[in-house]
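K.L.:
Pasting in a structure now, in structure tokens, and then I'll have a few things to ask.
The values are calculated or read from the model by the stated rules, or taken from the named source; none is laboratory data. Please read all numbers here as calculations on a predicted model, not as lab measurements. Glycine also receives a Cβ, built like all others from the backbone with ideal geometry; neighbour counts cover every protein chain displayed.
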Amino acid sequence: MSRSTARRVVAPVPKVFMRACFRVFPPSRNVWRYYGTFGRFPNILFPRRLTEKIQRRILFDRNPKMPIFADKLRARGYVRATLGTGQYLSKLYAVVESSEEIRRLSLPTKFAMKPNHASGMVKIVRDSSTTSPEELASLASEWLKVNYYDVTKEWAYKKIRRRVMFEELLEVDGEIADDFKFHCFHGEPRFLNVTRDRFGKYQINLYDMNLNLLPVRLRDQRIHENFPDFRAPPNLDEMMEIARRLSAGTDYLRVDMYNVHGRIVFGELTNYSGNGRTVYLPPEWDFRFGSYW
């Protein structure tokens with residue numbers, strides 16, 4: 001067999017060994033998840049890729065600020081304290097710790113419901129008259145049972161006090177507002193994802209800090225072109241300054257914001273973007289983004 005066609009055969013790792021690793025050090029599960037995504041293990045000792053550096057953070061970083069960032073309610077307090085104002089916060093209608101409390105709430109016609117202790121869980125309600133309190137209570141009960149650390153093995157979520165939030169629904173012309181995700185390194189935003197139509201086509205483009213479209217896309221992201229009618233917000237510089245102030249003193253933090261007809265609204269703070277398994281195409285961008293850290 002020629003060198004060009006030969007393939008190295010790697011002996012499978014015994015499952016008993018893997019299970020032992022997970023029991024002794026649960027975050028090691030992410031190393032295997034990384035392998036499942038990329039077909040290689042992350043370089044933890046000398047990481048160069050952004051995804052590898054996030055994996056190293058998952059394994060070893062225990063910065064006491066990270067649980068504050070991960071908790072969507074405590075993050076609001078951090079924003080207010082850091083910026084000295086609550087003007088960038090969304091309207092918060094209610095916070096509950098049990099599903100029974102929901103039946104006593106008086107909520108507006110439109111709202112977003114989400115847990116404070118997890119990521120990717122949200123219910124959009126555009127007409128509360130068509131959604132019963134029992135339906136919301138059932139969903140809240142499911143969320144409150146989840147320790148998100150058990151799902152992701154991301155340390156910052158491990159001991160968050162679990163609650164469910166009801167907040168303002170951020171829309172532009174009847175659609176969820178564009179989500180600006182600033183990736184900040186050492187207190188400086190270096191690139192951003194702009195997410196559009198999250199609950200529809202779910203389009204994501206990556207831009208530099210002048211809002212120039214970068215020649216990189218995410219795997220399985222079929223659309224890579226400027227969104228129709230997309231323009232840089234007139235107060236983009238203000239959004240960048242907010243990202244700087246909120247990420248100051250961190251080596252990496254993703255700061256998410258919305259821009260609703262010129263009104264800047266804080267979204268969330270993210271320690272472990274994509275669980276450190278975002279696939280950038282072409283892959284050299286993983287190295288470039290990692291060089292900022």
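K.L.:
If residue 152 satisfies every condition in (1) crowded, with 16+ Cβ neighbours inside 10 Å; (2) over 24 Å from residue 270 (Cα atoms) but one, which is the exception?
P.N.:
(2)
K.L.:
Separate question: Restricting the search to the stretch 175-219, which residues are touching a residue at least 40 places away in the same chain (Cβ under 8 Å), of a type in the set (Phe, Trp, Tyr) and farther than 19 Å from residue 123 by Cα?
P.N.:
Matches in the stretch 175-219: 180, 182, 185, 191.
K.L.:
Please note which strands (runs of 3 or more DSSP E) are completely contained in the stretch 153-270 and include at least 3 residues that are modelled with pLDDT under 95.
P.N.:
188-196, 203-207
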